[in-house]
Amino acid sequence: MIYPPVLFVVGGTALIGALTAVLMGLGVAPAVNTFVVINAAAQSLMSVLLPLSGIMLVRGCVATKDCPNLRWALTIAAGYPILVAVTAVGVSAVIATTVPNATARWLHAPAAILGSLLVQLIAQSVGTVFGLLIRRVVVAFVASIVLPLGLWFVLGAIPAMAPLQAWITPYAAAVRLLSGQADPLGWIQWLVMASVWTLGLNVVAIARLGGPAREPVKNAPPR
């Protein structure tokens, strides 16, 4: 079952992304207001909100340890990032065509569009991870924002650890992908980061959910 609140969250996220694109078209100097700039603002904001839909989709699995239902929920969750990313891309493209005197309007646009899809997929994966690990929806949603950004901030604050930002934090990857200027090393770093958040942590969370429940031993001999 798809809970109506989940659809409300997804629709609201897409709407906020579209409104952000419109506001960018109105508020940023035309000379620098390219598709990439408009789209990056919309996608960045949506990536903060989207994990809530993933959290809400898997919440029933957390409570019931219903693994078949979990597979269905994760499949549905994978479709929502595409919906919101494409919505913001479309609105950003329309806004970019209306901005007068924009230079290099479509520079790096194809790579940025691909990056938009990947950014939202990672955001949703972060949501499913915390939805599986934390029972309370509000706490899981806050954790999906605070912990990835906190990891990025802590690594950046330690000079010796700062290079790890590019390899294991979703925020650093999102900045590169939405700019449309990721180089080969940047794509390798994205693959490593995606392996951690999309595969690694979700696999750990699913294994924890599907582990055998311990039942009390009946008629155990006294010690």
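The values are calculated or read from the model by the stated rules, or taken from the named source; none is laboratory data. None of the values given here were measured: they were computed from a predicted structure. Every residue, glycine among them, receives a Cβ derived from its backbone with ideal geometry; neighbour counts consider all protein chains shown.
Things worth noting here:
- With respect to being in contact (Cβ under 8 Å) with a residue 24 or more places away in the chain, of a type outside the set (A, V, I, L, M), closer than 16 Å to Ile38 by Cβ and surrounded by fewer than 17 Cβ atoms within 10 Å (Cβ to Cβ), Trp167 falls outside the description.
- Test: residue in region 188-206 that is surrounded by fewer than 17 Cβ atoms within 10 Å (Cβ to Cβ), modelled with pLDDT of 90 or more and either more than 24 Å from Gly54 (Cα to Cα) or in contact with a strand residue (DSSP E or B) (Cβ under 8 Å, 6 or more places away or on another chain) (or both): yes
- Scanning region 144-155 for residues that are surrounded by 15 or more Cβ atoms within 10 Å (Cβ to Cβ) and either touching a strand residue (DSSP E or B) at 6+ places or on another chain (Cβ under 6 Å) or of a type outside the set (Ser, Thr, Tyr) (or both) gives Ile145, Pro148, Leu151, Trp152, Leu155.
- Residue match in region 179-190 (condition: outside any helix (DSSP H, G or I) and of a type in the set (A, V, I, L, M)): yes
- Residue pairs whose Cβ atoms lie under 7 Å apart, separated by 6 or more positions or on different chains, with the first residue in region 132-154 and more than 18 Å from Gln120 (Cβ to Cβ) and the second of a type outside the set (Phe, Trp, Tyr) and surrounded by fewer than 13 Cβ atoms within 10 Å (Cβ to Cβ), are Arg135/Ala63.
- Residue in region 131-140 that is modelled with pLDDT under 90, in a helix (DSSP H, G or I) and not aliphatic (A, V, I, L, M) present: yes
- Condition met for Arg105 (in a loop (DSSP other than H, G, I, E, B), more than 16 Å from the chain's Cα centre (by Cα), closer than 26 Å to Val58 by Cβ and not hydroxyl-bearing (Ser, Thr, Tyr)): no
- Filter result for Ser92 (buried (at least 20 other Cβ atoms within 10 Å of the Cβ), in a helix (DSSP H, G or I), polar (S, T, N, Q) and within 16 Å of the chain's Cα centre (by Cα)): no
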